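Encoded as structure tokens, the structure appears first; notes follow it.
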Amino acid sequence: MKSIFKKQVFALLIVLMGFCKMAVAQDVDLFKSMDEQDKKDKLNQTDYTTAIFKTTRMINGQSIENVGAGVLDVKISHRFTPINAGAKGLWGLDGANMRMGADYGINSKLMVGVGRTKGGLFDGFAKYKILRQSTGKVTMPVSIALSGGVLWNTQKSNTLNNYTDRFNYSGQVIIARKFNDYLSLQVVPTVIHYNSVATSSMPNDYYSVGVGGRIRLTKRVNITSEYYYRITKQEGYVNCLSVGVDIETGGHVFQFHFSNSADMNDRSFIEETTSKWNVDAVRFGFNIARVFVVNKPKEIKL
Amino acid sequence: MKKVILIAGFAALLSTSAMSQKVYATKTGQISFDATGTCAEPIKATNNQVDSKFVDKSGQIVFNVLIKGFKFANALMEDHFNENYMESTKFPKADFKGFITNIASVNFEKDGTYEVSAKGTLTIDGKGKEMIVPGTITIAGGKPTLKASFNVPLKEFIHGSYIGSQISDNAKTVLVCKYD
């Protein structure tokens, strides 16, 4: 009796083991495990925000954006004369200030740019991204970049006697956030340094804060605006306000705008805008940016 | 007693071999596509981190790719791909869930190349479509490599003004996965 009972128990155990193995083996469901993995990844992976703005300039000033590594971004900008010229003056289009320049991406965080404005104003800058906005595992609410520039004035002048008098420097901290697909904003504390000022009572350094933003209308069209508020000011000048539209195509970004400044370098448009925003001062202008890939990343072939 | 233990032992062994299945996996599969239409610049990208698994007994197979993992030669094109076409922030991954319908014809013990066909759902940008994809599984040294070439009809998944003109509606896709 005992031995038969034992055999039956063992047999039952073996059958049960077999069933257990069957049940465990059939539980491999790749669809389910992939969905679970996706959920985990959303929490574990960091998603870095891209395309806060469409190009490296807000309107006149720097934006948070950098040019991609190995990419050359050719810039042509015009600022026309005030629109109160009426039909006879083609609403200001008859006269123009012009800047030609190019930006280059050295790596994903660092870019440089040079340019020349009509009449002999040369500018150069470097912009370095120190923090990127991200969600997921690493959360960062803003992107931050540092930008430093130099302006070299080669125009004839009675007041700039020494060679070093002809240089101005700008330093900016660009703090930007993409709130959603439709709204991005940036704040830009700025210092402009003059090597030479008109009188000894004037300071050499001027502080200001820029604010800029864009509202997306369609996938390729944004409304933009930029305003620089001067904290320490030179007398006789006003703050610069610009509003415009960005239109993006495959390789170009067209920026059309109205501004009360005719200048395209940091020192001049921030610190030396002469006229308040009214019909006598507002002028039409545009920036065209065209991107060329100069250094392709190594392509991996299959 | 000894007999019983022997029988139990054999039964356990038998049950193991009858129920065993292997899950082949890789996290470094390669996928690339070419969607050049009338555009002067080639529209090509590669992703070298395809996450894929398949079960040898049932033929169940999955592929999972991170959209931001597709690398283009042109950084701006990559930006537009993510921002304007793929909505990568909303749908960070694309996947295929299906079955290799003729998995039984593959002998995983014997080196060689076997023609296979997978049937399942391809999901891109949140939209799913049933697809049947032919491919080959090559066994070498006990490890399978899966290769497939197929077309992805883009308009079924994403929309954008240039699809059908500068961007071809058919993205020629090549997939190579080496499994462990």
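A short reminder: the numbers here are calculations on the coordinates, not readings from a lab. As the structure is a prediction and not an experimental result, all values here were calculated from the model. For neighbour counting, all protein chains shown are included, and Cβ atoms are generated from backbone atoms with ideal geometry for every residue, glycine included.
Placing unit charges on the Cβ atoms only, positive for Lys and Arg and negative for Asp and Glu, gives chain A a dipole magnitude near 1100 debye about its Cα centre.
Database remark: amide H of B:LYS93 closer than 5 angstrom to the amide H of B:ILE67 (H placed geometrically; neighbours at sequence offset of 5 or more, or on other chains; Pro and chain starts carry no H). For region B:78-125, the list of GluC sites (Glu not before Pro) that fall in a loop by DSSP and count at most 10 other C-beta atoms within 10 angstrom reads B:GLU109. Between A:MET100 and A:ASN295, the distance separating the two model label sites (each 7 Å from Cα on the Cα→Cβ line) works out to 2.5 nm. The mean number of Cβ atoms from other chains found within 10 Å of a Cβ in peptide B:117-126 is 0, as a whole number.
Sparsely packed loop sites in region B:97-158 (the chymotrypsin sites (Phe, Trp or Tyr not before Pro) outside DSSP H, G, I, E and B with at most 16 other Cβ atoms within 10 Å) comprise B:PHE108. The value obtained for region B:22-178, namely the Cα convex hull volume divided by the number of residues, is 104 Å³ per residue. For the residue pairs B:LYS27/B:LYS93; B:LYS93/B:LYS127; B:LYS93/B:LYS129, alpha carbon separations are all held to 19 Å or less.
Of all the stretches in chain A, which is the longest one without any exposed loop site, taking chymotrypsin sites (Phe, Trp or Tyr not before Pro) in a DSSP loop (any state but H, G, I, E, B) with at most 12 other Cβ atoms within 10 Å? Counting at most 12 other Cβ atoms within 10 Å as exposed, the longest clean stretch of chain A is A:1-178. Could you run the Debye sum over the Cα atoms of the protein assembly as shown, one equal point scatterer each and no solvent, and tell me log10 of I(q)/I(0) at q = 0.10 Å⁻¹, two decimals? With no solvent term, the Cα-only Debye profile gives -0.84. Only lysines eight or more places from A:LYS6 in sequence, or on another chain, were considered; those with a Cα closer than 23 Å are A:LYS21, B:LYS2, B:LYS3. Applying a DSSP loop filter and a limit of 12 other Cβ atoms within 10 Å to the trypsin sites (Lys or Arg not before Pro) in region B:90-169 leaves B:LYS90, B:LYS110.
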